[in-house]
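All of the numbers you see were taken from the coordinates with simple rules; none came from a lab. Because the structure is predicted, anything quoted here is derived from the model rather than measured. Because the Cβ atoms are built from the backbone with ideal geometry, glycine has one as well, and the counts that use them run over all protein chains shown.
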């Protein structure tokens, strides 16, 4: 299991957006674990953030557009392909306009900037998306399939039935070095006879031979020609990677694509999100597994094991009380008793895991407790005791949960309370 990654410091690049023609300075900034990728419109009041998530997609014509309400960010796919290809999980992408600079039409300028910023590891395990079975999508002559795999691999077939651009095929495992060398430099492309219709639609206002490969009836219009004989298939892989990044997790799958583009990628990726769904936490959970989802650490982490979970119903957790607990040094040291407030805290941590089990991505969430009610302390808890906390969910509405908990030692109730908590995103 690899760690999450971000960059060591900010790095900027500037240029023109290919469709809007607007000038833009884009700045990649470090972000904390579990932040994900967010586009931040610094040119607007309060710098609104648009998450790089499949649910934010509002347009797919010649590029992928994200929105949050009326806030738009156009043509995000090359930025996202660079982040996914380099294994960067968390990044704040600041823009002072509505479309990233397009550069030469490839992901290379973004890759070079991110390498310059230096990629660093963070605490927290990388999130992977695992598939229980194959997922397929077909529309006309377009086909997309995701096959469960231990590695992230893409196989792409391009076929335009054009005398210059006929069929191309490329298949490769996606990893940082190969992406940087073989995929990032591949440029976007269009046919010469498509240029005028695109302009009439208000697109490619910033387009030129400097930012795309243009294919004429008799050959490549660009004087320098192609960077790779199969540059078109390579760039299609980059586009697909940029759209797959909207899943928010690295897919453990072999993606096989035939003749697809943004307009078919998005419904396919939505189907992937729907099919995978949320994976419930596995039980029993030992201390290492608990550390993977809980933000608490010594001496505040008060749960040793989770032995039972019934989704949205109940949970059972264990706290082993030893004489080495740090609070015994000051709480009645001559007659050590576990503080009642820490019994409630331990109960709350067990309940927090029950609530986290309702989240799609528990590692990216926190639980805040809002209310403690009907707390009762029945018997003292002493060194050597094992407390078994049993909590049942009374009500779950959206992200807010009310639960009732009882702690037992050798079958006797020692503490009980009702707790109200809310699940929130890690900041």
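When the P(r) is computed for the chain, the part past 41 Å accounts for 29% of the Cα-Cα pairs.
Our estimate of slack between residue 341 and residue 209, defined as 0.36 nm per intervening residue step minus the Cα-Cα distance, is 40.7 nm. Between residue 331 and residue 376, the simple label model (points 7 Å from Cα in the Cβ direction) yields a spacing of 2.1 nm. Counting 0.36 nm for each residue step from residue 275 to residue 297 and taking away their Cα separation leaves a gain of 4.5 nm.
As a footprinting exposure proxy, order 395, 116, 38 by other Cβ within 10 Å, with the fewest listed first.
Numbers: 395 9, 116 12, 38 22.
So the ranking, lowest neighbour count to highest, is 395, 116, 38.
Computed extension length for residue 164-residue 368: 67.5 nm, one decimal, from 0.36 nm per residue of separation with the Cα-Cα distance subtracted. Can you give the FRET efficiency for residue 263 and residue 399, using 1/(1 + (r/R0)^6), R0 = 30 Å, r = Cβ-Cβ distance, to the nearest 0.05? So, using R0 = 30 Å, E works out to roughly 0.35. Placing a pseudo-label 7 Å from each Cα along the Cα-to-Cβ vector at residue 425 and residue 71 gives an inter-label distance of 1.0 nm. Taking R0 as 30 Å, what's the FRET efficiency between residue 172 and residue 289 from their Cβ-Cβ distance, rounded to 0.05? Working from the Cβ atoms, E equals 0.35.
Computed from the C-beta positions of residue 386 and residue 312, the FRET efficiency with R₀ = 30 Å rounds to 0.65. The Kirkwood hydrodynamic radius of segment 334-378, based on inverse pair distances between different Cα atoms, is 12.4 Å. For segment 281-333, what class follows from the C-alpha gyration tensor (a ≥ b ≥ c being the square roots of its eigenvalues): rounded when a/c is under 1.5, otherwise prolate if a/b is larger than b/c, else oblate? Prolate, since a/c reaches 1.5 and a/b exceeds b/c.
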